[in-house]
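One structure below.
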Amino acid sequence: MAKVFPIESSVPLQVPPTTVSVPRKNVASSPVLEVAPNPDNEMTEEERKLYRKVDVARIKYLRLIHRLGYDTEHHIAIQVLYRLSLVEGFRRIKVANHSSELESAWKKALQLEAEGTEDLEFSCNVLVLGKTGVGKSATINSIFGEDKSKTSAFLPATTAVKEISGVVGGVKFRVVDTPGLGTTHMDEKSNRKVLNSVKKYIKRCPPDVVLYVDRIDTQRQDANNLSLLQCITSVLGSSIWSKTIITLTHSAAAPPEGPSGIPLNYEMFVTQRTHAIQQSIRQATNDPRFENTSALVENHHLCRRNTEGEKVLPNGLIWRRLLLLLCYSVKTVETNSLSARVASPANLFSLRFRMPPLPHFLSSLLQSREHPRCAADQDVGDIDPDELINEDEEDDYDQLPPFKPLSKSQVAKLSKEQQKLYFDEYDYRTKLLEKKQLKEQLRRLKEMKIEGNNHDVLGDNDNPDDEYETERSVMPDWALPSSFDSDDPAYRYRCLDPKPNFLVRAITNPDGWDHDCGFDGVSLQYSLDAANAFPASLWVQVNKDKRESTIHLVSSISAKHRENVSSLAGFDIQTIMDQLAYTLRGESKFKNSKKNTTTGGLSMTFLGDTMVTGAKFEDKLSVGDRLTLLANTGAVSIRGDTAYGVNMEATLREKDYLMGQDLAILGASLVRWHKEWSMAAKLDSQFSMGRASNVAVHVDLTNKLTGRVSIKANTSEQLKIALLGVCSMTMYLWNRMHPFIDRNY
Ligand SMILES: Nc1nc2c(ncn2[C@@H]2O[C@H](COP(=O)(O)OP(=O)(O)OP(=O)(O)O)[C@@H](O)[C@H]2O)c(=O)[nH]1
Ligand SMILES: [Mg+2]
């Protein structure tokens, strides 16, 4: 979930640079291939206007951040520039590489600044609100760098709504100072009076930014804030919160003591305080989407200063500059998102698209799905049981001469060559034994199938505890800690009465909140044969942490019509962008021949008040025993906007796949959306090396030249472990020496 200016942004860890560095080559985003040579021809007049507006806004913004001594690498600047590029949508891809676009805008901004073109034509209207005595007027004075508004330590100093204007760093500021608000019941009437006069004023002159000022060191009074915030919302409307910066004065104050008696860490203190106010705003507006950013302020004249005379907080932050940057950023994003097709301004800070991009739905539509099967209809992967059973029986396990496994000390006594021979023989026998067991299982399956057909109805079995059923029930359960701990997920989510078709597992997350084991969810798997003829499966996963909870449910039921046709109906629920998406899907599979299966399917997803429809077609072909080809194509559409996709995948298995696990999958996909093609290719491979090592390689690459390479190797041999260690060290050092390369990942 992306957020603009997340809370953390208010507390940069380092002092912002005082000199400007030229942005690096690969600023902010990955390079994008140039596709259309002259995109301007394809644009409508309206689009062109919008783009021109965004271009102007971007250059202005870059000039402003340059004046403040920041550059495009500042975390807030990155987010604002990203928001601007979202406004333009896909033009970036059409035009060229986004980074060079940004670079040229930056160059242009620097050039304009160097020429001394003073007038930026950028103004900032600020409304300052807050309780009495928290330092509203003092903050305004700090912004202007002079005492423009009266302050008082003992009496309410500001008695009427008052506009104060001036120029700060070439920007015209019009700041509205307001009388302080009260938090008791008796103050309600006077608060409304003040707020009504504010309302009258802002009708004439709407603010670009609202500073909600509070002291950082008055946590205990928070309970009273809620009614005040509700009062502000009811008079001024909840829309003002979308442009509000929580402004915390007295920020040089020492953090209070934590529960353990030791003073809190400063960053922790700021975060806690910010969270508390954010939470009150959410409660007051009844809108959980608000996540206002915060700015730290210290108005005291004795505040530490740097050599340039700027006030510096104990954590090194030059707070006034950051406050100005936040004001410019809020205004830039706010004014440009009004005309944009993306995110409503009410969600300014919590950039949460109500809708993920269409290719997201396309990829889930094109996923190839297995149809749930009746117990007796199961087979093992793509292997044909008949073939395996009828295979030459000569190398059968039973025909081998007797073999006695040696103990560790006996093996140690053998010569190297003998050891190798011994292990080869051992591996060969293990393989044959596994094969034998598998054949037996398949034979049993086949017998059951025949029996089932004879009885006509499946599972009409007098003896549910028959051998097959109990074998299938082997269910992985996680190791129980030796002492009972009700908080341990292994104890909390355990089936006391294990059922063959029911599996519950805790989902662990190493970064989770819940206790030390990092547990944050539970997954449940269930399968059944409805009415003995419609196999169904259900999979649910629920995750919950302090911030959010998600659910993912996939359920399917299938029916077999004739020997070679099977239909599937499915219902899914998934949390997407904080909303629940409901999907209904249906598909039919035709087995044209033993080697070829064709599938056609439709899907409908309901997300909020929109519906995404999709259709797909898939063909799966086995070539020989080892190669499977899968091709599928489909389209999804929402309100006339359509995305098309084609996927192709080849899977190559080793000869005795079920015994060994060597496998290679080569895939390519092509998606067309908004008149653009995007391509991706992937390679997945797993193979064993020697007796004790396994390697899994994953490579994916897109036409935007971004991608990922991952190599996982596990081994139980010490020499190889050492080698792996050396390899990872080398890669780490190589990455350190070539820092730009992994930015695209
Ligand atoms: N130490 C410290 N004192 C501050 C800070 N901000 C304001 N003050 C002091 O707090 C007192 C009140 O500040 P004002 O700016 O008058 O507060 P106000 O919110 O404008 O108050 P009203 O106008 O009455 O609503 C003054 O004595 C300020 O000097 C700060 O950041 N740190
Ligand atoms: Mg005041």
key: Criterion violated by Lys172 - all others in (1) farther than 23 Å from Thr285 by Cβ; (2) of a type in the set (D, E, K, R); (3) without any contact (Cβ under 8 Å) to a residue 40 or more places away in the chain satisfied   = (3)
inquiry  = Quick check on the range 547-554. Is at least one of its residues more than 36 Å from the chain's Cα centre (by Cα), farther than 20 Å from Phe502 by Cβ, open to solvent by less than 60 Å² (accessible area, probe 1.4 Å) and of a type outside the set (Lys, Arg)?
reply    = no
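Give the residue that is farthest from ligand 2 (Cβ to nearest atom), with candidates limited to residues of the range 104-115 that are farther than 23 Å from Asp208 by Cβ and touching a helix residue (DSSP H, G or I) at 6+ places or on another chain (Cβ under 9 Å).
Initially, the range 104-115 is screened for residues farther than 23 Å from Asp208 by Cβ, giving 104, 106-108, 110-111, 114-115.
Filter once more, keeping what is touching a helix residue (DSSP H, G or I) at 6+ places or on another chain (Cβ under 9 Å): 106, 108, 110.
Values: Trp106: 39, Lys108: 41, Leu110: 39 Å.
Going through the qualifying residues, I end up with Lys108.
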ask   = So which residues in the range 164-205 are within 13 Å of ligand 2 (Cβ to nearest atom) and not small (Gly, Ala, Ser)?
value = Ile164, Val175, Val176, Asp177, Thr178, Pro179, Leu181, Val194
task = Could you run through the range 116-163 and say how many residues are among the acidic types (Asp, Glu) and within 9 Å of ligand 2 (Cβ to nearest atom)?
result = 0
key: Every residue from the range 116-162 that is open to solvent by 30 Å² or more (accessible area, probe 1.4 Å) and touching a Phe, Trp or Tyr at 6+ places or on another chain (Cβ under 8 Å)   = Ser123, Val161
query = Counting only residues that are in contact with a Leu (Cβ under 8 Å, 6 or more places away or on another chain) and among the aromatic types (Phe, Trp, Tyr), which one in the range 50-73 is surrounded by the fewest Cβ atoms within 10 Å (Cβ to Cβ)?
reply = Tyr70
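Residues are listed down the side, and each one gets a yes or a no for (1) under 15 Å from Thr244 (Cα atoms); (2) modelled with pLDDT of 90 or more; (3) open to solvent by 50 Å² or more (accessible area, probe 1.4 Å); (4) assigned to a loop (DSSP other than H, G, I, E, B):
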site: His275; (1), (2), (3), (4): yes, no, yes, no
site: Gln278; (1), (2), (3), (4): yes, no, no, no
site: Arg282; (1), (2), (3), (4): yes, no, no, no
site: Arg321; (1), (2), (3), (4): no, yes, no, no
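Search the range 241-263 for residues being open to solvent by less than 10 Å² (accessible area, probe 1.4 Å) and modelled with pLDDT of 90 or more, and hand back the single one that is farthest from Leu313 (Cα to Cα). Before the answer, list the steps.
Our first condition is that a residue be open to solvent by less than 10 Å² (accessible area, probe 1.4 Å); within the range 241-263, this holds for 241-242, 244-249, 251.
Subsequent filtering for residues that are modelled with pLDDT of 90 or more retains 241, 244-249, 251.
On the way: Trp241: 26, Thr244: 22, Ile245: 18, Ile246: 17, Thr247: 14, Leu248: 12, Thr249: 11, Ser251: 7 Å.
Among residues in the range 241-263 that are open to solvent by less than 10 Å² (accessible area, probe 1.4 Å) and modelled with pLDDT of 90 or more, the one farthest from Leu313 (Cα to Cα) is Trp241.
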ask   = With respect to Lys199, is the statement that it is in contact with a strand residue (DSSP E or B) (Cβ under 6 Å, 6 or more places away or on another chain), open to solvent by 30 Å² or more (accessible area, probe 1.4 Å) and more than 12 Å from ligand 1 (Cβ to nearest atom) true?
value = no
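For the range 614-630, enumerate the residues that are in a strand (DSSP E or B) and farther than 23 Å from Ser566 by Cβ.
Quick first cut of the range 614-630, residues in a strand (DSSP E or B) only: 614-623, 627-630.
Across the range 614-630, the qualifying residue is only Leu627.
The values are calculated or read from the model by the stated rules, or taken from the named source; none is laboratory data. Treat the numbers as computed from the prediction; the structure is a model and nothing was measured. In this analysis, Cβ positions are derived from the backbone assuming ideal geometry, glycine residues included, and neighbour counts consider all displayed protein chains. Heads up: the accessible areas ignore ligands, DNA and RNA and are worked out on the full protein's heavy atoms, side chains in. Shrake-Rupley method; radii C 1.70, N 1.55, O 1.52, S 1.80 Å.
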